[in-house]
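Down below is the structure, laid out as structure tokens.
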Amino acid sequence: MTIKYQGLVAAPFTPFGEDGQLNLSIIPAYAKMLRRRGVVAAFICGTTGEGASLTCEEREAVAEAWMQARPEGFQVIVHVGHTSRNEACRLASHAESIEVDAISSMAPFFFKPEDTEALFDWCDAIARSAPSLPFYYYNIPSMTGVAIPARELLEFADGRIANLAGVKYTYEDMDDYRACLAIEDGKYDILFGRDELLLEGWQAGAKGAVGSTYNYASPLYVKIIEAVDSDDLQEARRLQDLSISMIDVCNSVGVSHLAASKALMPMLGVDCGPVRSPLKQMTSAQSDEMLKRLEAIGFFDFAELSLPSV
Ligand SMILES: CC(=O)N[C@H](C=O)[C@@H](O)[C@H](O)[C@H](O)CO
Ligand SMILES: CC(=O)C(=O)O
């Protein structure tokens, strides 16, 4: 399989109105904004999209909205993972019926696969429900509690899942990451998913990356990739340090990183509204504090945004 995604893939927030219901009307502007800021595709209804907090009907509606809104050449990858395999399979066939570009599933996170074979069975059933679409296993042990090395899954599944395209790799096991890339010299597309380690991922051989912070800080990451590609490691490290400081700020204002960073989106012209229960919404005092701290690290310059007038 040739490499499919080259560059930055954003994992969009799911837009809600103040009533907590889906607000699909902003998705066309969201897709255009991402593309204008150097993003090549969207990975929807995953972690950042609060996929696990949506009903299946809502997830289908979000996928349909992105498919209708997407600009020419912009790709849509749909996360279909669920704790019920039947629901995941149903979401996969829906995604195929609306002709999305690829699907992905994380491991189930309540009853968990106990070994590689059980994880393979899970992925196999979902991949077979959308046989015409590339399937990516979404490796995210921090959220699922499933830390089966992705290399083991790929080796076990090799030749058995015809549409297995690769892994969306949100973990910091760089040995395993490299081992995945090395299988038959790059047979699989291994999308890197730790934004704070993009430099390390790119040096290891990543060609594509999926992340939440590419929603609002893509210009910074475009420059990290350019710096690594031109062997300017000093500059790449300086820029990656800015990414780490930015993520540290959003991690330390008293709510989840997701809730804090979702509150940045109005600055990009796409107000994604509140987060959904059980996540906590940030207060306006926390938001002011976050903006002050982001300004102090130069966020508005490196993310190419203008400081909101509050
Ligand atoms: C747990 C989580 O949301 N992981 C995201 C993607 O997979 C990342 O994009 C992180 O949000 C990002 O690396 C900041 O920690
Ligand atoms: C960041 C990411 O990939 C996700 O939200 O699923």
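The values are calculated or read from the model by the stated rules, or taken from the named source; none is laboratory data. Given the structure is predicted, the values throughout are model-derived calculations rather than measurements. All Cβ positions, glycine included, derive from the backbone under ideal geometry; neighbour counts span all protein chains shown. Calculation scope for accessible area: heavy atoms of the full protein, side chains included, ligands and nucleic acids excluded. Shrake-Rupley method; radii C 1.70, N 1.55, O 1.52, S 1.80 Å.
Scan the stretch 24-47 for residues that are in contact with a Cys (Cβ under 9 Å, 6 or more places away or on another chain) and hydroxyl-bearing (S, T, Y) and jot them down.
Y30
Here are A127, A157: which of them is more than 16 Å from ligand 2 (Cβ to nearest atom) and surrounded by fewer than 23 Cβ atoms within 10 Å (Cβ to Cβ)?
A157
Pull out all pairs, ordered by first then second residue, where Cβ-Cβ is under 6 Å, the residues are six or more apart or on different chains, the first lies in the stretch 10-30 and is closer than 18 Å to V210 by Cα, and the second is within 16 Å of ligand 1 (Cβ to nearest atom) and among the aliphatic types (A, V, I, L, M).
A10/L34; A10/V39; A10/A42; A11/V210; P12/A42; P12/I44
Listed residues V39, V76; which is among the aliphatic types (A, V, I, L, M), closer than 20 Å to M267 by Cβ and open to solvent by less than 10 Å² (accessible area, probe 1.4 Å)?
On the way: V76 fails: closer than 20 Å to M267 by Cβ.
Step by step, each of V39, V76 is checked, and only V39 is among the aliphatic types (A, V, I, L, M), closer than 20 Å to M267 by Cβ and open to solvent by less than 10 Å² (accessible area, probe 1.4 Å).
For the stretch 282-310, which positions are farther than 14 Å from L264 by Cβ and either in contact (Cβ under 8 Å) with a residue 60 or more places away in the chain or not hydroxyl-bearing (S, T, Y) (or both)?
If the condition is that a residue be farther than 14 Å from L264 by Cβ and either in contact (Cβ under 8 Å) with a residue 60 or more places away in the chain or not hydroxyl-bearing (S, T, Y) (or both), then A285, A296, G298, D301 are the ones that fit.
Do you know which of the residues in the stretch 264-310 that are polar (S, T, N, Q) and in a loop (DSSP other than H, G, I, E, B) is least open to solvent (accessible area, probe 1.4 Å)?
Here the answer is T283.
Answer yes or no as to whether W202 is more than 16 Å from ligand 2 (Cβ to nearest atom), among the hydrophobic types (A, V, I, L, M, F, W, C), open to solvent by 20 Å² or more (accessible area, probe 1.4 Å) and under 22 Å from R37 (Cα atoms).
Values: more than 16 Å from ligand 2 (Cβ to nearest atom): yes; among the hydrophobic types (A, V, I, L, M, F, W, C): yes; open to solvent by 20 Å² or more (accessible area, probe 1.4 Å): yes; under 22 Å from R37 (Cα atoms): yes.
Yes: the conditions hold for W202.
In this structure, does S53 turn out to be open to solvent by 10 Å² or more (accessible area, probe 1.4 Å), touching a Lys or Arg at 6+ places or on another chain (Cβ under 6 Å) and among the small types (G, A, S)?
Taking the combined requirement at face value, the residue satisfies it.
Please specify each residue of the stretch 135-154 satisfying the condition of being within 20 Å of K187 (Cα to Cα) and either open to solvent by less than 20 Å² (accessible area, probe 1.4 Å) or polar (S, T, N, Q) (or both).
Those that are within 20 Å of K187 (Cα to Cα) and either open to solvent by less than 20 Å² (accessible area, probe 1.4 Å) or polar (S, T, N, Q) (or both): F135, Y136, Y137, Y138, N139, A150, L153, L154.
Among the residues of the stretch 42-52, is there at least one that is within 16 Å of ligand 1 (Cβ to nearest atom), hydrophobic (A, V, I, L, M, F, W, C) and at positive phi? Don't jump to the end; show me each part of the working.
Step one: list which residues in the stretch 42-52 are within 16 Å of ligand 1 (Cβ to nearest atom), which gives 42-52.
Among the residues that remain, those that are also hydrophobic (A, V, I, L, M, F, W, C) are: 42-45, 52.
So of that shortlist, the ones also at positive phi come out as 45.
Checked against the condition, which is being within 16 Å of ligand 1 (Cβ to nearest atom), hydrophobic (A, V, I, L, M, F, W, C) and at positive phi, the stretch 42-52 yields at least one hit.
Restricting to the stretch 4-30, give me the number of residues that are more than 16 Å from ligand 2 (Cβ to nearest atom) and more than 25 Å from A88 (Cα to Cα).
Total meeting the criteria: 8.
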